[in-house]
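One structure is given below, encoded as structure tokens.
Computed from the coordinates by the stated procedures, all read-outs in this text should not be read as laboratory data. Computed from a predicted structure; not experimentally measured. Cβ placement follows ideal geometry from the backbone for every residue including glycine, while neighbour counts extend to all protein chains displayed.
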Amino acid sequence: MTQETPKIKRSIWSRIPLIRELAQSVGWQRGMLVAGLVIIVVFLIAAAFAQWIAPYGYNQLRDDDGLFGAQVPPGGKHLLGTTVGGYDVLSRVIWGSQTAFLVIVVAVVLSIFAGIMLGLLSGYFGGWLDRVLVLVCDAIYAFPSLLLAIVMSIVLSGGKSSLFFGILAAAISITVVFIPQYFRVIRSEVVRVKSEAFVESAKVIGASNWRIMFRHVLRNSTRTLPLILTLNASEAILTLAGLGFLGFGIEPTAAAEWGFDLNKSISDVAAGIWWTSIFPGTAIVLVVLGITLVGESLNDLADPRLRTRKRAVAVDVDSAEIDEMEEAI
């Protein structure tokens, strides 16, 4: 009488994307992924709850005791000191995370939507449409993202941006530059998937092109998007900071922005006033580092050879457990 090996049911938590990758990761992969996720979670908490976490407003210059004062050293009521303009550094850093998060969301949503749609149409229909779109996307690579962001900032708001126009200028520049990356990834996957047997079967039973494209082809062509998404998010933050540093970013009375604060702290560095530049610069580095760590970890986990090694280890563990169960029986 044979005994069936009990099936192990996967929990709901193991099906969540990042939780699933965390369970599959090993060694340095897991360390990088955990470190990146911790940084990103802290950044998201600061962005979501800036109104309650920040001790002051992003453009607040006084409290009940009077003006804060310019270039006040860290300590007392101002844990990270004040800027040359008299703003609280800690509050500007916290509020700046909210501005960076908004730019990331807008840029990523626009890039993904446009890139996926163009790549899906180009790869599925092919022909002259495919040739034209490939040519246009190759030409877009010649445009530097920061230069395009400066042009968009000047066109939209004359170089002095409010919160809306500053975010829109950075997001549009990132969108235009990153559309070709999404386009090429989706196009290559669509060209591969559309020749599969299940797509041919859908055509035989009379399914429309739009149903096949969105129901069958698109669902199987988005495996590598998370990797490009992390690159897009990092570039969005750096472009926004570059705009602010060059003087084309968001005005301090409209929102807090790390690049603008770095621009105003250039003269402070020569005078030995370090706190006005160290903390905004560190915020930029940490957020980009966290996103990059997550992207690199996902890239390693997407490697079939690494997945095979992880699966082999899991099979060895399961075999050892089964042997122990048989000995116990």
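When only Cα pairs under 8 Å and 6 or more residues apart are kept, what is the percent relative contact order across the stretch 16-303? Don't skip to the answer; put the middle values down first.
Details: 447 pairs, mean separation 75.8, N = 288.
Relative CO of the stretch 16-303 lands at 26 percent.
Compare the peptides 83-89, 41-47, 170-176, 136-142 by average per-residue count of other Cβ atoms within 10 angstrom and give them in order, highest first. Write down the numbers at each step before the final one.
Details: 83-89: 21.0, 41-47: 16.1, 170-176: 25.9, 136-142: 12.1.
For the peptides 83-89, 41-47, 170-176, 136-142, the packing ranking is 170-176, 83-89, 41-47, 136-142.
Across every pair of different alpha-carbon atoms, what Kirkwood hydrodynamic radius in Å does the stretch 109-148 reach? Provide the component values of the computation, followed by the final result.
Details: mean 1/r = 0.0904 Å⁻¹.
Computed over Cα pairs of the stretch 109-148, the Kirkwood hydrodynamic radius comes out at 11.1 Å.
Short version: ³J(HN,Hα) in whole Hz for each residue of the stretch 266-278, in order, from phi by Karplus 6.51 cos²θ - 1.76 cosθ + 1.60 (θ = phi - 60°), x for Gly and Pro, what are they?
4, 5, 5, 4, 5, 8, x, 8, 8, 6, 6, 10, 4
Any idea what the relative contact order of the stretch 70-209 is, in percent, if you count C-alpha pairs under 8 Å spaced at least 6 apart? All intermediate terms of the calculation are to be shown ahead of the outcome.
Numbers: 144 pairs, mean separation 37.6, N = 140.
Here the relative contact order equals 27 percent.
Would you calculate the separation in nanometres between label points at W210 and A139, each defined as 7 Å from the Cα along the Cα-to-beta-carbon direction?
2.9
Calculate the all-directions average of the projected area of the stretch 16-303's alpha-carbon convex hull, and give it in nm². Present the calculation step by step, with values, prior to reporting the outcome.
On the way: hull surface 73.4 nm².
So the mean shadow area of the Cα hull is 18.4 nm².
Could you let me know the centre-to-centre spacing of the stretch 261-283 and the stretch 204-248, using Cα atoms, in angstrom?
Each part reduced to its Cα centre gives a spacing of 35 Å.
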